[in-house]
Amino acid sequence: MLRERMRAAESVLVLTGAGVSAESGVPTFRGGGNTAVWKGMPFDVISSAGMLQKDLPAVWEWFNYRRNLLAVLKPNPAHETIASWQDRFADLALVTQNIDGLHQASGSRDVIELHGNIWRARCFDCDARHDLKDMKMDDGVPSCFDCGGNLRPDVVLFGEMLPPGAFERAFDAAQRCDLCFVIGTSAVVYPAASIPEIARANGAYVVEINPEPTPLSSICHEVLTGKAGEILPLLSEARPLGRAT
Ligand code: APR
């Protein structure tokens, strides 16, 4: 059934979460019964708007630690397969909750980042964005090149709004897609988890890929239980764009 749907699909939406990067060595936040903890603080405390106000240097220390972890990690076959789909489907929307930049590192273009990107910083004062790859990070809070103001990670923290336009683009893609993949997310964080629900409500065929069941499994037409890096390459038929000849 899924193969026929993939052959016929014109518009495809892929929603990814931390699980798609697990095989690259990126720790997930939940799944497997554990939740990430930093210096005794649950990740959703250190990664919160409240902590940004209370202790900005500590927030930078946490994201510097995560960035150093990520710096040596590479995309895996799940990222690579999804990247190859942008030349296979006429309309592919890749919506990610991940801030790790591995989709882009594997060649995916125009990634809709719902939760920002750990490789960018944003100025509190002038809102300028800066690429952290160009910055030598010492301890403490980095300053804005443009206005000298304090920078913050350009990541959506708990208690904060999504980046302007990101959810709107994801919502539009969910309304128009005829096939929706939900890959490596525990589907407990909203509004991201509402995207497959919107796709289903608009008639899309919804497929989940995850080693564990999630709250979304019950609304999916198919659930492929297993690792994304093992399952996605199997779905990758080298068939040119559009319908079977
Ligand atoms: N392939 C596919 N899925 C996997 C794999 C794998 N190899 N390994 C783990 N998973 C699944 C887990 O079973 C779990 O359901 O990935 C999911 C990871 O869930 P979370 O850690 O909760 O990550 P995510 O859903 O992306 O979290 C959403 O919450 O913490 C915030 O902002 C953060 O973007 C994040 C958001």
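Here is how the numbers come out for the structure above:
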read-out: Evaluation of Ala93 against (1) modelled with pLDDT under 95; (2) under 21 Å from Ala174 (Cβ atoms) (one fails), failing number; value: (1)
read-out: Enumeration of residues in the range 188-230 that are outside any strand (DSSP E or B), of a type in the set (A, V, I, L, M, F, W, C) and either away from the ligand (no atom under 11 Å from the Cβ) or in contact (Cβ under 8 Å) with a residue 60 or more places away in the chain (or both); value: Val188, Val189, Ala192, Ile195, Ile198, Ala199, Ala201, Ala204, Ile219, Cys220, Ala228
read-out: Within the range 132-157, tally of residues that are at pLDDT below 90 and open to solvent by 50 Å² or more (accessible area, probe 1.4 Å); value: 7
read-out: Flag if Ser84 is more than 14 Å from the ligand (Cβ to nearest atom), modelled with pLDDT of 95 or more and open to solvent by 30 Å² or more (accessible area, probe 1.4 Å); value: yes
read-out: Conditions (1) of a type in the set (A, V, I, L, M); (2) assigned to a helix (DSSP H, G or I); (3) open to solvent by less than 10 Å² (accessible area, probe 1.4 Å); (4) within 13 Å of the ligand (Cβ to nearest atom): number failed by Leu15; value: (2)
read-out: Single residue of Val45, Val111 found to be within 21 Å of Ala192 (Cβ to Cβ) and modelled with pLDDT of 95 or more; value: Val111
read-out: Filtered residues of the range 159-187 (kept if of a type outside the set (A, V, I, L, M), crowded, with 16+ Cβ neighbours inside 10 Å and within 16 Å of the ligand (Cβ to nearest atom)); value: Pro163, Phe167, Cys180, Phe181, Gly184, Thr185, Ser186
read-out: Single unsatisfied condition, Thr28 versus (1) more than 16 Å from the ligand (Cβ to nearest atom); (2) farther than 16 Å from Val111 by Cα; (3) not in a helix (DSSP H, G or I); value: (1)
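The values are calculated or read from the model by the stated rules, or taken from the named source; none is laboratory data. If you're wondering where the values come from, they're calculated on a predicted model, not measured in any experiment. Positions of Cβ are generated from backbone atoms using ideal geometry, with glycine treated the same way; all protein chains shown enter the neighbour counts. Note: accessible area is taken over every heavy atom of the protein model, side chains too, but ligands, DNA and RNA are not part of it. Shrake-Rupley method; radii C 1.70, N 1.55, O 1.52, S 1.80 Å.
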